[in-house]
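Structure first, then comments.
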Protein chains: 2
Amino acid sequence: MKNEKSTPSDRRSFLKKTTVASVGVLGLGNLQAQSVISKKEKTTRELPKDLTILFQGDSVTDGGRKRDQYYANNTWGGLGGSYVFPAVSELLGSNPTSNIRCYNRGISGDKVFQLSNRWEEDCLQIRPDVLSILIGVNDFWHTLDFNYKGTAKSYEEDFRKLLDRTRKELPNVKLIICEPFAVKGGSAIVEEKWFPAFIAYQNAAKKIASDYNAHWVPFQKTFDDALKIAPVDYWCADGVHPSLGGGELMAKTWLNTFDEISFK
Amino acid sequence: MKNEKSTPSDRRSFLKKTTVASVGVLGLGNLQAQSVISKKEKTTRELPKDLTILFQGDSVTDGGRKRDQYYANNTWGGLGGSYVFPAVSELLGSNPTSNIRCYNRGISGDKVFQLSNRWEEDCLQIRPDVLSILIGVNDFWHTLDFNYKGTAKSYEEDFRKLLDRTRKELPNVKLIICEPFAVKGGSAIVEEKWFPAFIAYQNAAKKIASDYNAHWVPFQKTFDDALKIAPVDYWCADGVHPSLGGGELMAKTWLNTFDEISFK
(Lines give C-alpha, C1' and ligand atoms only; values in the text may rest on other atoms or scores of the structure.)
Protein backbone atom coordinates (compact mmCIF):
# COMPACT_ATOMS: atom_id res chain seq x y z
CA MET A 1 0.00 0.00 0.00
CA LYS A 2 2.87 2.31 0.72
CA ASN A 3 3.99 1.78 -2.85
CA GLU A 4 0.75 3.23 -4.17
CA LYS A 5 2.12 6.71 -3.81
CA SER A 6 5.47 5.98 -5.40
CA THR A 7 5.99 7.12 -8.94
CA PRO A 8 6.02 4.64 -11.82
CA SER A 9 9.76 5.12 -12.25
CA ASP A 10 10.33 4.47 -8.55
CA ARG A 11 8.46 1.25 -8.91
CA ARG A 12 10.26 0.28 -12.06
CA SER A 13 13.61 0.78 -10.44
CA PHE A 14 12.47 -1.22 -7.41
CA LEU A 15 11.38 -4.01 -9.72
CA LYS A 16 14.62 -3.93 -11.61
CA LYS A 17 16.53 -4.28 -8.39
CA THR A 18 14.54 -7.22 -7.09
CA THR A 19 13.60 -9.18 -10.16
CA VAL A 20 16.74 -11.19 -10.53
CA ALA A 21 19.16 -12.06 -7.77
CA SER A 22 21.90 -14.45 -8.62
CA VAL A 23 24.09 -16.09 -6.04
CA GLY A 24 27.55 -17.41 -6.69
CA VAL A 25 28.54 -21.00 -6.07
CA LEU A 26 30.16 -21.51 -2.68
CA GLY A 27 32.35 -24.38 -1.63
CA LEU A 28 30.28 -26.32 0.86
CA GLY A 29 31.55 -29.89 0.73
CA ASN A 30 28.94 -31.96 -1.01
CA LEU A 31 26.41 -29.15 -0.73
CA GLN A 32 25.86 -26.45 -3.27
CA ALA A 33 24.70 -22.92 -2.82
CA GLN A 34 21.47 -22.39 -4.66
CA SER A 35 20.48 -19.55 -6.92
CA VAL A 36 17.18 -17.84 -6.90
CA ILE A 37 15.26 -15.58 -9.19
CA SER A 38 12.97 -13.97 -6.71
CA LYS A 39 9.59 -12.40 -6.96
CA LYS A 40 9.14 -8.83 -5.97
CA GLU A 41 8.36 -8.87 -2.27
CA LYS A 42 4.83 -7.86 -1.54
CA THR A 43 2.33 -9.00 0.99
CA THR A 44 -0.76 -7.49 -0.56
CA ARG A 45 -2.14 -6.79 -3.99
CA GLU A 46 -5.00 -4.40 -4.63
CA LEU A 47 -7.13 -6.12 -7.21
CA PRO A 48 -10.69 -5.48 -8.34
CA LYS A 49 -13.42 -7.70 -6.94
CA ASP A 50 -13.80 -9.38 -10.34
CA LEU A 51 -10.83 -9.92 -12.60
CA THR A 52 -10.63 -11.93 -15.81
CA ILE A 53 -7.14 -12.64 -17.13
CA LEU A 54 -6.49 -14.16 -20.54
CA PHE A 55 -3.15 -15.66 -21.57
CA GLN A 56 -2.69 -15.76 -25.33
CA GLY A 57 0.09 -17.05 -27.50
CA ASP A 58 1.69 -20.08 -29.09
CA SER A 59 3.05 -23.37 -27.73
CA VAL A 60 5.10 -21.61 -25.06
CA THR A 61 1.82 -20.45 -23.54
CA ASP A 62 -0.22 -23.51 -24.55
CA GLY A 63 2.07 -25.85 -22.61
CA GLY A 64 0.16 -28.95 -23.74
CA ARG A 65 -3.05 -27.83 -21.99
CA LYS A 66 -5.87 -30.34 -22.21
CA ARG A 67 -8.20 -29.64 -25.09
CA ASP A 68 -11.15 -31.23 -23.25
CA GLN A 69 -10.80 -28.25 -20.90
CA TYR A 70 -10.48 -25.74 -23.73
CA TYR A 71 -13.15 -23.43 -22.34
CA ALA A 72 -12.39 -23.87 -18.65
CA ASN A 73 -10.82 -21.33 -16.37
CA ASN A 74 -8.75 -21.94 -13.24
CA THR A 75 -8.23 -25.66 -13.91
CA TRP A 76 -4.92 -27.45 -13.86
CA GLY A 77 -5.61 -29.22 -17.15
CA GLY A 78 -6.86 -26.09 -18.89
CA LEU A 79 -3.92 -23.94 -17.85
CA GLY A 80 -1.18 -26.19 -19.23
CA GLY A 81 2.34 -27.07 -18.22
CA SER A 82 4.25 -23.88 -18.99
CA TYR A 83 4.45 -20.52 -17.18
CA VAL A 84 0.69 -19.96 -16.98
CA PHE A 85 -0.09 -22.53 -14.29
CA PRO A 86 2.51 -21.41 -11.73
CA ALA A 87 1.57 -17.76 -12.30
CA VAL A 88 -2.13 -18.45 -11.83
CA SER A 89 -1.52 -20.74 -8.86
CA GLU A 90 0.27 -17.89 -7.09
CA LEU A 91 -2.48 -15.41 -7.96
CA LEU A 92 -5.27 -17.67 -6.74
CA GLY A 93 -3.45 -18.70 -3.58
CA SER A 94 -2.57 -15.15 -2.62
CA ASN A 95 -5.71 -13.25 -3.61
CA PRO A 96 -8.68 -15.17 -2.22
CA THR A 97 -10.90 -12.13 -1.81
CA SER A 98 -10.93 -11.36 -5.53
CA ASN A 99 -12.94 -13.40 -7.99
CA ILE A 100 -10.11 -14.12 -10.45
CA ARG A 101 -10.83 -16.14 -13.59
CA CYS A 102 -7.80 -17.15 -15.63
CA TYR A 103 -7.96 -18.55 -19.13
CA ASN A 104 -5.20 -20.01 -21.28
CA ARG A 105 -5.90 -19.90 -25.00
CA GLY A 106 -2.40 -20.32 -26.32
CA ILE A 107 -2.22 -22.67 -29.31
CA SER A 108 0.90 -24.47 -30.37
CA GLY A 109 2.38 -23.29 -33.66
CA ASP A 110 0.55 -19.99 -33.82
CA LYS A 111 1.94 -16.88 -35.40
CA VAL A 112 0.37 -13.47 -34.85
CA PHE A 113 -1.92 -13.67 -37.90
CA GLN A 114 -3.30 -16.94 -36.53
CA LEU A 115 -4.24 -15.26 -33.27
CA SER A 116 -6.22 -12.85 -35.39
CA ASN A 117 -8.11 -15.72 -37.07
CA ARG A 118 -9.48 -16.95 -33.73
CA TRP A 119 -9.64 -13.65 -31.86
CA GLU A 120 -13.42 -13.37 -31.68
CA GLU A 121 -13.83 -16.69 -29.84
CA ASP A 122 -10.52 -16.82 -28.04
CA CYS A 123 -10.28 -13.25 -26.82
CA LEU A 124 -13.13 -10.82 -27.49
CA GLN A 125 -15.89 -13.10 -26.21
CA ILE A 126 -13.95 -13.70 -22.99
CA ARG A 127 -13.81 -9.93 -22.42
CA PRO A 128 -10.63 -10.04 -20.34
CA ASP A 129 -9.72 -7.26 -17.95
CA VAL A 130 -6.07 -8.21 -18.42
CA LEU A 131 -4.83 -9.59 -21.73
CA SER A 132 -1.35 -11.11 -21.83
CA ILE A 133 0.13 -11.96 -25.22
CA LEU A 134 3.33 -13.88 -25.96
CA ILE A 135 3.74 -14.27 -29.72
CA GLY A 136 6.51 -14.05 -32.26
CA VAL A 137 8.81 -17.03 -31.93
CA ASN A 138 7.03 -18.93 -34.71
CA ASP A 139 6.78 -15.79 -36.85
CA PHE A 140 10.56 -16.05 -37.06
CA TRP A 141 11.22 -19.79 -36.59
CA HIS A 142 8.84 -20.84 -39.37
CA THR A 143 10.78 -18.73 -41.84
CA LEU A 144 13.78 -20.98 -41.12
CA ASP A 145 12.19 -24.38 -41.09
CA PHE A 146 8.69 -24.22 -42.56
CA ASN A 147 9.07 -22.00 -45.59
CA TYR A 148 6.95 -19.27 -44.00
CA LYS A 149 7.19 -15.99 -45.89
CA GLY A 150 6.43 -13.52 -43.10
CA THR A 151 8.92 -10.88 -42.00
CA ALA A 152 9.55 -8.82 -38.89
CA LYS A 153 7.65 -6.05 -40.68
CA SER A 154 4.57 -8.17 -41.35
CA TYR A 155 4.74 -9.46 -37.76
CA GLU A 156 4.70 -5.91 -36.45
CA GLU A 157 1.91 -4.81 -38.75
CA ASP A 158 -0.27 -7.79 -37.91
CA PHE A 159 0.38 -7.38 -34.20
CA ARG A 160 -0.65 -3.70 -34.35
CA LYS A 161 -3.83 -4.56 -36.24
CA LEU A 162 -4.69 -7.16 -33.63
CA LEU A 163 -4.25 -4.66 -30.82
CA ASP A 164 -6.20 -1.94 -32.63
CA ARG A 165 -9.09 -4.35 -33.02
CA THR A 166 -8.78 -5.38 -29.37
CA ARG A 167 -8.73 -1.82 -28.07
CA LYS A 168 -11.77 -0.96 -30.17
CA GLU A 169 -13.78 -3.82 -28.68
CA LEU A 170 -12.27 -3.70 -25.19
CA PRO A 171 -11.24 -0.10 -24.61
CA ASN A 172 -10.38 -0.63 -20.93
CA VAL A 173 -8.37 -3.83 -21.25
CA LYS A 174 -4.98 -3.79 -19.51
CA LEU A 175 -2.37 -5.11 -21.93
CA ILE A 176 0.63 -7.22 -21.05
CA ILE A 177 3.02 -7.92 -23.92
CA CYS A 178 5.60 -10.62 -23.30
CA GLU A 179 8.93 -10.58 -25.06
CA PRO A 180 9.32 -13.48 -27.48
CA PHE A 181 12.55 -15.19 -26.49
CA ALA A 182 15.07 -17.77 -27.66
CA VAL A 183 17.38 -19.37 -25.14
CA LYS A 184 20.90 -19.49 -26.48
CA GLY A 185 22.42 -22.90 -27.10
CA GLY A 186 19.07 -24.69 -27.36
CA SER A 187 18.71 -27.69 -29.64
CA ALA A 188 16.52 -25.77 -32.12
CA ILE A 189 19.94 -24.39 -33.16
CA VAL A 190 19.22 -21.23 -31.28
CA GLU A 191 22.21 -18.96 -31.68
CA GLU A 192 23.77 -19.67 -35.05
CA LYS A 193 20.65 -19.20 -37.08
CA TRP A 194 18.54 -17.11 -34.74
CA PHE A 195 20.70 -14.21 -33.71
CA PRO A 196 20.76 -11.43 -34.65
CA ALA A 197 17.78 -11.87 -37.03
CA PHE A 198 15.34 -12.74 -34.24
CA ILE A 199 16.13 -9.50 -32.45
CA ALA A 200 14.12 -7.58 -35.04
CA TYR A 201 11.00 -9.42 -33.80
CA GLN A 202 11.85 -8.71 -30.19
CA ASN A 203 12.40 -5.05 -30.97
CA ALA A 204 9.09 -4.87 -32.82
CA ALA A 205 7.26 -6.37 -29.83
CA LYS A 206 8.94 -3.94 -27.47
CA LYS A 207 8.11 -0.93 -29.64
CA ILE A 208 4.50 -2.07 -29.86
CA ALA A 209 4.34 -2.45 -26.07
CA SER A 210 5.58 1.09 -25.68
CA ASP A 211 3.26 2.54 -28.34
CA TYR A 212 0.21 0.79 -26.88
CA ASN A 213 1.05 1.62 -23.27
CA ALA A 214 1.28 -2.08 -22.48
CA HIS A 215 3.20 -3.67 -19.60
CA TRP A 216 6.32 -5.41 -20.83
CA VAL A 217 7.60 -8.82 -19.67
CA PRO A 218 11.34 -9.12 -20.39
CA PHE A 219 11.61 -12.88 -20.86
CA GLN A 220 14.86 -12.75 -22.85
CA LYS A 221 16.66 -11.22 -19.89
CA THR A 222 15.14 -13.81 -17.57
CA PHE A 223 16.71 -16.61 -19.58
CA ASP A 224 19.96 -14.76 -20.30
CA ASP A 225 20.38 -14.36 -16.55
CA ALA A 226 19.33 -17.95 -15.87
CA LEU A 227 22.05 -19.25 -18.20
CA LYS A 228 24.66 -17.77 -15.91
CA ILE A 229 23.47 -20.19 -13.22
CA ALA A 230 22.55 -23.42 -15.02
CA PRO A 231 22.80 -24.66 -18.62
CA VAL A 232 20.19 -24.39 -21.34
CA ASP A 233 19.16 -28.03 -20.86
CA TYR A 234 18.01 -27.21 -17.35
CA TRP A 235 15.82 -24.24 -18.33
CA CYS A 236 14.71 -24.79 -21.89
CA ALA A 237 16.33 -27.66 -23.75
CA ASP A 238 15.27 -26.76 -27.29
CA GLY A 239 15.69 -23.04 -26.67
CA VAL A 240 11.98 -22.35 -27.13
CA HIS A 241 9.87 -24.47 -24.73
CA PRO A 242 10.68 -24.06 -21.02
CA SER A 243 11.19 -26.88 -18.57
CA LEU A 244 9.27 -26.76 -15.30
CA GLY A 245 12.12 -24.76 -13.81
CA GLY A 246 12.11 -22.38 -16.77
CA GLY A 247 8.33 -22.05 -16.56
CA GLU A 248 8.62 -21.10 -12.90
CA LEU A 249 11.12 -18.35 -13.74
CA MET A 250 8.78 -17.07 -16.45
CA ALA A 251 5.87 -17.08 -14.00
CA LYS A 252 7.85 -15.01 -11.51
CA THR A 253 8.89 -12.58 -14.22
CA TRP A 254 5.30 -12.33 -15.47
CA LEU A 255 3.99 -11.72 -11.94
CA ASN A 256 6.50 -8.93 -11.42
CA THR A 257 5.08 -7.24 -14.50
CA PHE A 258 1.48 -7.98 -13.50
CA ASP A 259 2.18 -6.27 -10.19
CA GLU A 260 3.05 -3.07 -12.02
CA ILE A 261 -0.56 -2.71 -13.15
CA SER A 262 -2.66 -0.23 -11.21
CA PHE A 263 -6.33 -1.17 -11.01
CA LYS A 264 -7.39 2.07 -9.36
CA MET B 1 22.74 -20.19 6.41
CA LYS B 2 22.55 -18.27 9.63
CA ASN B 3 19.65 -20.46 10.66
CA GLU B 4 21.79 -23.56 10.53
CA LYS B 5 22.99 -22.89 14.05
CA SER B 6 19.60 -22.10 15.52
CA THR B 7 17.95 -24.77 17.64
CA PRO B 8 15.04 -26.78 16.28
CA SER B 9 12.65 -24.95 18.61
CA ASP B 10 13.96 -21.57 17.43
CA ARG B 11 13.28 -22.60 13.92
CA ARG B 12 9.85 -23.94 14.72
CA SER B 13 8.85 -20.70 16.35
CA PHE B 14 10.19 -18.71 13.40
CA LEU B 15 8.18 -20.86 11.04
CA LYS B 16 5.08 -20.49 13.16
CA LYS B 17 5.43 -16.74 13.03
CA THR B 18 5.89 -16.54 9.31
CA THR B 19 3.82 -19.37 7.91
CA VAL B 20 0.47 -17.65 7.93
CA ALA B 21 -0.07 -13.93 7.78
CA SER B 22 -3.65 -12.79 7.44
CA VAL B 23 -4.55 -9.26 6.53
CA GLY B 24 -7.83 -7.60 7.41
CA VAL B 25 -10.20 -6.22 4.80
CA LEU B 26 -9.78 -2.48 4.24
CA GLY B 27 -12.30 -0.14 2.73
CA LEU B 28 -10.87 0.80 -0.66
CA GLY B 29 -13.82 1.70 -2.85
CA ASN B 30 -14.21 -1.08 -5.35
CA LEU B 31 -10.82 -2.52 -4.46
CA GLN B 32 -10.23 -5.14 -1.83
CA ALA B 33 -7.26 -5.73 0.37
CA GLN B 34 -5.78 -9.10 -0.37
CA SER B 35 -4.73 -11.77 2.04
CA VAL B 36 -1.63 -13.82 1.77
CA ILE B 37 -0.26 -16.98 3.22
CA SER B 38 3.39 -16.38 2.76
CA LYS B 39 6.34 -18.64 2.41
CA LYS B 40 9.15 -18.45 4.87
CA GLU B 41 11.55 -15.89 3.50
CA LYS B 42 14.74 -17.40 2.26
CA THR B 43 16.94 -16.65 -0.66
CA THR B 44 19.01 -19.80 -0.62
CA ARG B 45 18.54 -23.47 0.14
CA GLU B 46 21.40 -25.82 0.82
CA LEU B 47 20.48 -28.97 -1.03
CA PRO B 48 22.56 -32.00 -2.00
CA LYS B 49 23.77 -32.22 -5.57
CA ASP B 50 21.31 -35.06 -6.23
CA LEU B 51 17.95 -35.14 -4.53
CA THR B 52 15.03 -37.48 -5.20
CA ILE B 53 11.71 -36.47 -3.65
CA LEU B 54 8.68 -38.76 -3.62
CA PHE B 55 5.15 -37.55 -2.88
CA GLN B 56 2.87 -40.34 -1.71
CA GLY B 57 -0.76 -40.42 -0.74
CA ASP B 58 -4.35 -40.52 -1.98
CA SER B 59 -6.40 -38.34 -4.33
CA VAL B 60 -5.33 -35.15 -2.56
CA THR B 61 -1.79 -35.90 -3.71
CA ASP B 62 -2.76 -37.63 -6.98
CA GLY B 63 -4.55 -34.51 -8.24
CA GLY B 64 -5.67 -36.25 -11.43
CA ARG B 65 -2.11 -36.78 -12.62
CA LYS B 66 -1.84 -38.35 -16.06
CA ARG B 67 -1.43 -42.10 -15.90
CA ASP B 68 0.50 -42.15 -19.20
CA GLN B 69 3.19 -40.30 -17.22
CA TYR B 70 2.98 -42.65 -14.25
CA TYR B 71 6.72 -43.23 -14.12
CA ALA B 72 7.85 -39.76 -15.09
CA ASN B 73 9.50 -37.21 -12.83
CA ASN B 74 9.41 -33.42 -13.13
CA THR B 75 6.61 -33.35 -15.71
CA TRP B 76 3.48 -31.25 -15.47
CA GLY B 77 1.22 -34.17 -16.39
CA GLY B 78 2.90 -36.57 -14.01
CA LEU B 79 2.80 -34.23 -11.04
CA GLY B 80 -0.94 -33.59 -11.08
CA GLY B 81 -3.18 -30.65 -10.29
CA SER B 82 -2.98 -30.49 -6.50
CA TYR B 83 -0.26 -29.20 -4.15
CA VAL B 84 2.58 -31.24 -5.67
CA PHE B 85 2.98 -29.26 -8.89
CA PRO B 86 3.27 -25.79 -7.35
CA ALA B 87 5.66 -27.10 -4.69
CA VAL B 88 7.88 -28.79 -7.29
CA SER B 89 7.70 -25.82 -9.64
CA GLU B 90 9.08 -23.59 -6.89
CA LEU B 91 11.82 -26.10 -6.03
CA LEU B 92 12.94 -26.50 -9.64
CA GLY B 93 12.79 -22.79 -10.40
CA SER B 94 14.75 -21.81 -7.32
CA ASN B 95 17.36 -24.58 -7.10
CA PRO B 96 18.87 -24.99 -10.55
CA THR B 97 22.24 -26.20 -9.34
CA SER B 98 20.80 -29.32 -7.71
CA ASN B 99 19.66 -32.30 -9.72
CA ILE B 100 16.18 -32.61 -8.19
CA ARG B 101 13.88 -35.41 -9.35
CA CYS B 102 10.31 -35.23 -8.06
CA TYR B 103 7.83 -38.08 -8.35
CA ASN B 104 4.13 -38.10 -7.56
CA ARG B 105 2.73 -41.57 -6.81
CA GLY B 106 -0.43 -40.60 -5.00
CA ILE B 107 -3.42 -42.71 -6.02
CA SER B 108 -7.01 -41.63 -5.61
CA GLY B 109 -8.96 -43.56 -2.99
CA ASP B 110 -5.98 -45.03 -1.19
CA LYS B 111 -5.90 -45.81 2.49
CA VAL B 112 -2.67 -46.54 4.30
CA PHE B 113 -2.87 -50.32 3.80
CA GLN B 114 -3.16 -49.71 0.05
CA LEU B 115 0.07 -47.74 0.07
CA SER B 116 1.63 -50.82 1.60
CA ASN B 117 0.36 -53.01 -1.24
CA ARG B 118 2.22 -50.98 -3.85
CA TRP B 119 5.19 -49.82 -1.74
CA GLU B 120 7.85 -51.86 -3.49
CA GLU B 121 7.16 -50.32 -6.91
CA ASP B 122 5.89 -46.93 -5.81
CA CYS B 123 8.42 -46.11 -3.12
CA LEU B 124 11.27 -48.51 -2.41
CA GLN B 125 12.38 -48.85 -6.03
CA ILE B 126 12.45 -45.08 -6.40
CA ARG B 127 14.81 -44.85 -3.41
CA PRO B 128 13.77 -41.32 -2.43
CA ASP B 129 16.02 -39.09 -0.35
CA VAL B 130 12.89 -37.31 0.87
CA LEU B 131 9.61 -39.18 1.26
CA SER B 132 6.46 -37.12 1.83
CA ILE B 133 3.28 -38.97 2.81
CA LEU B 134 -0.24 -37.58 3.07
CA ILE B 135 -2.65 -40.37 3.97
CA GLY B 136 -5.61 -40.87 6.27
CA VAL B 137 -8.62 -39.04 4.92
CA ASN B 138 -9.99 -42.15 3.22
CA ASP B 139 -9.12 -44.29 6.24
CA PHE B 140 -11.82 -42.30 8.02
CA TRP B 141 -14.12 -41.22 5.17
CA HIS B 142 -14.63 -44.74 3.86
CA THR B 143 -15.93 -45.85 7.25
CA LEU B 144 -18.77 -43.35 6.73
CA ASP B 145 -19.66 -43.92 3.14
CA PHE B 146 -18.07 -47.11 1.88
CA ASN B 147 -18.62 -49.58 4.71
CA TYR B 148 -14.88 -49.73 5.42
CA LYS B 149 -14.15 -51.43 8.73
CA GLY B 150 -10.82 -49.81 9.60
CA THR B 151 -10.33 -47.71 12.73
CA ALA B 152 -7.97 -44.99 13.89
CA LYS B 153 -6.09 -47.76 15.68
CA SER B 154 -5.66 -49.91 12.54
CA TYR B 155 -4.67 -46.74 10.61
CA GLU B 156 -1.95 -46.01 13.14
CA GLU B 157 -0.70 -49.61 13.23
CA ASP B 158 -0.59 -49.90 9.44
CA PHE B 159 1.14 -46.53 9.12
CA ARG B 160 3.82 -47.58 11.63
CA LYS B 161 4.40 -50.88 9.81
CA LEU B 162 4.80 -48.99 6.54
CA LEU B 163 7.38 -46.65 8.06
CA ASP B 164 9.26 -49.50 9.78
CA ARG B 165 9.54 -51.25 6.44
CA THR B 166 10.63 -48.01 4.76
CA ARG B 167 13.30 -47.24 7.34
CA LYS B 168 14.65 -50.77 7.06
CA GLU B 169 15.08 -50.46 3.29
CA LEU B 170 15.97 -46.77 3.22
CA PRO B 171 17.67 -46.02 6.52
CA ASN B 172 18.70 -42.49 5.54
CA VAL B 173 15.43 -41.32 4.04
CA LYS B 174 14.15 -37.96 5.33
CA LEU B 175 10.51 -38.33 6.23
CA ILE B 176 7.83 -35.70 5.81
CA ILE B 177 4.42 -36.62 7.22
CA CYS B 178 1.54 -34.40 6.18
CA GLU B 179 -1.48 -33.94 8.38
CA PRO B 180 -4.63 -35.44 6.86
CA PHE B 181 -7.19 -32.62 6.86
CA ALA B 182 -10.86 -31.92 6.37
CA VAL B 183 -11.97 -28.39 5.55
CA LYS B 184 -14.99 -27.46 7.61
CA GLY B 185 -18.23 -26.79 5.77
CA GLY B 186 -17.23 -28.77 2.67
CA SER B 187 -19.89 -30.57 0.67
CA ALA B 188 -18.67 -34.01 1.77
CA ILE B 189 -20.60 -33.02 4.92
CA VAL B 190 -17.35 -32.18 6.62
CA GLU B 191 -18.19 -31.00 10.12
CA GLU B 192 -21.33 -32.78 11.25
CA LYS B 193 -20.09 -36.26 10.57
CA TRP B 194 -16.34 -35.74 10.59
CA PHE B 195 -15.54 -33.93 13.77
CA PRO B 196 -14.49 -34.88 16.33
CA ALA B 197 -14.06 -38.50 15.10
CA PHE B 198 -11.55 -37.55 12.38
CA ILE B 199 -9.29 -35.91 14.95
CA ALA B 200 -8.22 -39.33 16.19
CA TYR B 201 -6.64 -39.97 12.77
CA GLN B 202 -4.92 -36.59 12.79
CA ASN B 203 -3.58 -37.23 16.28
CA ALA B 204 -2.31 -40.64 15.22
CA ALA B 205 -0.45 -39.13 12.26
CA LYS B 206 1.06 -36.44 14.45
CA LYS B 207 2.20 -38.95 17.08
CA ILE B 208 3.75 -41.11 14.36
CA ALA B 209 5.58 -38.08 12.94
CA SER B 210 7.01 -37.35 16.37
CA ASP B 211 7.95 -40.98 17.08
CA TYR B 212 9.67 -41.39 13.71
CA ASN B 213 11.45 -38.03 13.84
CA ALA B 214 9.59 -36.95 10.71
CA HIS B 215 8.94 -33.38 9.62
CA TRP B 216 5.30 -32.44 10.12
CA VAL B 217 3.14 -30.46 7.68
CA PRO B 218 0.20 -28.87 9.54
CA PHE B 219 -2.37 -28.76 6.73
CA GLN B 220 -5.40 -28.54 9.05
CA LYS B 221 -4.17 -25.23 10.43
CA THR B 222 -3.49 -23.98 6.89
CA PHE B 223 -7.14 -24.48 5.96
CA ASP B 224 -8.54 -23.36 9.32
CA ASP B 225 -6.65 -20.09 8.85
CA ALA B 226 -7.67 -19.84 5.20
CA LEU B 227 -11.36 -20.07 6.15
CA LYS B 228 -11.02 -16.83 8.08
CA ILE B 229 -10.25 -15.11 4.77
CA ALA B 230 -12.43 -16.82 2.14
CA PRO B 231 -15.14 -19.50 2.24
CA VAL B 232 -14.69 -23.24 1.85
CA ASP B 233 -15.88 -23.13 -1.78
CA TYR B 234 -12.87 -20.99 -2.63
CA TRP B 235 -10.29 -23.29 -1.07
CA CYS B 236 -11.68 -26.80 -1.12
CA ALA B 237 -15.33 -27.13 -2.15
CA ASP B 238 -15.93 -30.70 -0.98
CA GLY B 239 -13.77 -30.29 2.10
CA VAL B 240 -11.24 -32.85 0.89
CA HIS B 241 -9.86 -31.90 -2.55
CA PRO B 242 -8.25 -28.45 -2.81
CA SER B 243 -8.94 -25.90 -5.52
CA LEU B 244 -5.97 -24.36 -7.29
CA GLY B 245 -5.88 -21.68 -4.60
CA GLY B 246 -6.02 -24.31 -1.87
CA GLY B 247 -3.31 -26.33 -3.58
CA GLU B 248 -1.07 -23.28 -3.65
CA LEU B 249 -1.53 -22.76 0.10
CA MET B 250 -0.69 -26.42 0.67
CA ALA B 251 2.43 -26.09 -1.49
CA LYS B 252 3.62 -23.11 0.54
CA THR B 253 2.95 -24.94 3.80
CA TRP B 254 4.75 -28.04 2.49
CA LEU B 255 7.75 -25.95 1.37
CA ASN B 256 8.01 -24.35 4.80
CA THR B 257 8.29 -27.83 6.29
CA PHE B 258 10.69 -28.99 3.57
CA ASP B 259 12.90 -26.03 4.42
CA GLU B 260 13.26 -27.34 7.99
CA ILE B 261 15.20 -30.34 6.73
CA SER B 262 18.93 -30.20 7.17
CA PHE B 263 20.84 -32.07 4.48
CA LYS B 264 24.20 -31.57 6.17
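List the number of the failed condition for B:C123; all other conditions in (1) open to solvent by 40 Å² or more (accessible area, probe 1.4 Å); (2) in contact (Cβ under 8 Å) with a residue 40 or more places away in the chain; (3) assigned to a helix (DSSP H, G or I) hold. Going through the list (1) open to solvent by 40 Å² or more (accessible area, probe 1.4 Å); (2) in contact (Cβ under 8 Å) with a residue 40 or more places away in the chain; (3) assigned to a helix (DSSP H, G or I), B:C123 breaks only (1). Of the residues making up the stretch A:138-167, those that are assigned to a helix (DSSP H, G or I), free of Cβ contacts under 8 Å to residues at least 60 places away in the same chain and under 12 Å from A:A200 (Cβ atoms) number 6. Evaluated against (1) under 28 Å from B:I100 (Cα atoms); (2) free of Cβ contacts under 8 Å to residues at least 12 places away in the same chain, B:A214 falls short on exactly one condition, (2). Scoring B:K111 on the criteria (1) within 13 Å of another protein chain (Cβ to nearest Cβ); (2) basic (K, R); (3) crowded, with 19+ Cβ neighbours inside 10 Å leaves a single failure, condition (1).
Filtering the stretch B:117-156 to residues that are of a type in the set (S, T, Y) and either at pLDDT below 95 or farther than 20 Å from B:G63 by Cα (or both) leaves B:T143, B:Y148, B:T151, B:S154, B:Y155.
Does B:A188 fit the bill of being aliphatic (A, V, I, L, M), closer than 12 Å to B:L134 by Cα and either in contact with a strand residue (DSSP E or B) (Cβ under 7 Å, 6 or more places away or on another chain) or surrounded by 14 or more Cβ atoms within 10 Å (Cβ to Cβ) (or both)?
On the way: aliphatic (A, V, I, L, M): yes; closer than 12 Å to B:L134 by Cα: no; either in contact with a strand residue (DSSP E or B) (Cβ under 7 Å, 6 or more places away or on another chain) or surrounded by 14 or more Cβ atoms within 10 Å (Cβ to Cβ) (or both): yes.
Here the answer is no, as B:A188 does not meet what is asked.
Here B:E169 meets each of (1) open to solvent by 10 Å² or more (accessible area, probe 1.4 Å); (2) farther than 30 Å from A:T97 by Cβ; (3) under 20 Å from the mean Cα position of the chain (by Cα) with one exception, condition (3).
Filtered by the rule that a residue be surrounded by 20 or more Cβ atoms within 10 Å (Cβ to Cβ) and within 16 Å of B:I107 (Cβ to Cβ), the stretch B:127-158 gives B:L131, B:S132, B:I133, B:L134, B:I135, B:G136, B:V137, B:N138, B:D139, B:W141.
Results for (1) within 7 Å of chain A (Cβ to nearest Cβ); (2) under 25 Å from B:W141 (Cβ atoms); (3) of a type outside the set (S, T, N, Q), shown as yes or no for each residue.
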site: B:D50; (1), (2), (3): no, no, yes
site: B:S59; (1), (2), (3): no, yes, no
site: B:D62; (1), (2), (3): no, yes, yes
site: B:R65; (1), (2), (3): no, yes, yes
site: B:Y70; (1), (2), (3): no, yes, yes
site: B:W76; (1), (2), (3): yes, no, yes
site: B:Y83; (1), (2), (3): no, yes, yes
site: B:E90; (1), (2), (3): yes, no, yes
site: B:T97; (1), (2), (3): yes, no, no
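Anything in the stretch B:212-242 that is of a type in the set (D, E, K, R) and either under 17 Å from B:P180 (Cα atoms) or under 16 Å from the mean Cα position of the chain (by Cα) (or both)? List them, or say none.
Result: B:K221, B:D224, B:D225, B:D238.
Just for helices (runs of 4 or more DSSP H) wholly inside the stretch B:1-105: which have at least 1 residues that are modelled with pLDDT under 50 and either open to solvent by 50 Å² or more (accessible area, probe 1.4 Å) or within 27 Å of A:L91 (Cα to Cα) (or both)? Before you say what the answer is, go through the steps one by one.
Working: elements: B:8-19, B:59-62, B:76-79, B:84-94.
In the stretch B:1-105, B:8-19 are the helices (runs of 4 or more DSSP H) which contain 1 or more residues that are modelled with pLDDT under 50 and either open to solvent by 50 Å² or more (accessible area, probe 1.4 Å) or within 27 Å of A:L91 (Cα to Cα) (or both).
So, restricting to helices (runs of 4 or more DSSP H) that lie completely within the stretch A:182-264, which ones have at least 2 residues that are of a type in the set (V, I, T) and away from chain B (no Cβ under 14 Å)?
Once the helices (runs of 4 or more DSSP H) in the stretch A:182-264 are filtered for at least 2 residues that are of a type in the set (V, I, T) and away from chain B (no Cβ under 14 Å), what remains is A:199-211.
The values are calculated or read from the model by the stated rules, or taken from the named source; none is laboratory data. No experiment lies behind these values; they were computed from the predicted model shown. FYI the Cβ positions are ideal-geometry reconstructions off the backbone, even for glycines, and counts take in every protein chain you see. Note: areas computed on protein heavy atoms with side chains; ligands, DNA, RNA excluded. Shrake-Rupley method; radii C 1.70, N 1.55, O 1.52, S 1.80 Å.
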